[in-house]
Amino acid sequence: MGREIKAVMIEDQDQISELLECWEKDAGNIKQAFLRLRKKLTSMEHISMAFKSRPGVSYSLRAHAQAESEDDMRLVTLIDVIDDDPESRWLSVCFYGEAITDEEELGNLIPDGLLGEDGHCFDIFEYDEPLLSYLENRIDEAYENTRNA
């Protein structure tokens, strides 16, 4: 195997810091939801994250896991901070369709909508403890399925 990632690598950390520093208005406590999900990802091994900043549109955190049997990185989850109204941001947390189960049917099935493949996206408009716990479980599931693919 070539490059093995044991710890978390975060690209574009400065862009994440900029977003967090300027994120002041947050009636739904979405910033805390974002931080909680990011913390979940940073607690996992073999994860690499990239952050894409598109102010006025979205801020996208993409977490990839290194597959156990291959050298490549595969998407575990995509967490978008939707920024069309900076005073009322919300999250869209997406997974590949085959990477998770959604037994409670809380997500939206997005045919061909996640980088050209079927996906499940979960929208968060306010800090919601049960939903965040559910998504943390989906992250675990997607991580295991991605690593073992």
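Considering only residues that are under 19 Å from LEU75 (Cβ atoms), assigned to a loop (DSSP other than H, G, I, E, B) and among the charged types (D, E, K, R), which ones fall in region 102-130?
Once the filter is applied, which keeps residues that are under 19 Å from LEU75 (Cβ atoms), assigned to a loop (DSSP other than H, G, I, E, B) and among the charged types (D, E, K, R), region 102-130 yields only ASP102.
Kindly check whether there is at least one residue in region 86-98 that is more than 12 Å from the chain's Cα centre (by Cα) and more than 30 Å from GLU21 (Cα to Cα).
Initially, region 86-98 is screened for residues more than 12 Å from the chain's Cα centre (by Cα), giving 86-90, 97-98.
After this cut, where a residue has to be more than 30 Å from GLU21 (Cα to Cα) as well, the list is 97-98.
Taking every residue of region 86-98 in turn, at least one turns out to be more than 12 Å from the chain's Cα centre (by Cα) and more than 30 Å from GLU21 (Cα to Cα).
Under the condition of being assigned to a loop (DSSP other than H, G, I, E, B), in contact (Cβ under 8 Å) with a residue 40 or more places away in the chain and not hydrophobic (A, V, I, L, M, F, W, C), which residue from region 77-101 is surrounded by the most Cβ atoms within 10 Å (Cβ to Cβ)? Before the answer, list the steps.
Our first condition is that a residue be assigned to a loop (DSSP other than H, G, I, E, B); within region 77-101, this holds for 83-89, 100-101.
Cutting the leftovers down to in contact (Cβ under 8 Å) with a residue 40 or more places away in the chain gives us 86-89, 100-101.
In the following step, the residues that additionally are not hydrophobic (A, V, I, L, M, F, W, C) were identified as 86-89, 101.
Working: PRO86: 14, GLU87: 8, SER88: 14, ARG89: 25, THR101: 11.
That would be ARG89.
Determine, yes or no, whether ILE124 is farther than 20 Å from ILE47 by Cβ and out of contact with any helix residue (DSSP H, G or I) (no Cβ under 7 Å at 6 or more places or on another chain).
Working: farther than 20 Å from ILE47 by Cβ: yes; out of contact with any helix residue (DSSP H, G or I) (no Cβ under 7 Å at 6 or more places or on another chain): no.
It is false that ILE124 is farther than 20 Å from ILE47 by Cβ and out of contact with any helix residue (DSSP H, G or I) (no Cβ under 7 Å at 6 or more places or on another chain).
For the subset of region 3-19 comprising residues that are loosely packed, with under 14 Cβ neighbours inside 10 Å and either touching a helix residue (DSSP H, G or I) at 6+ places or on another chain (Cβ under 8 Å) or small (Gly, Ala, Ser) (or both), which member is modelled with the lowest pLDDT?
ALA7
The values are calculated or read from the model by the stated rules, or taken from the named source; none is laboratory data. Everything numeric here is computed off the predicted structure, so don't read it as measured data. Here the Cβ is made from the backbone with ideal geometry for all residues, glycine too, and neighbour counts use every protein chain on show.
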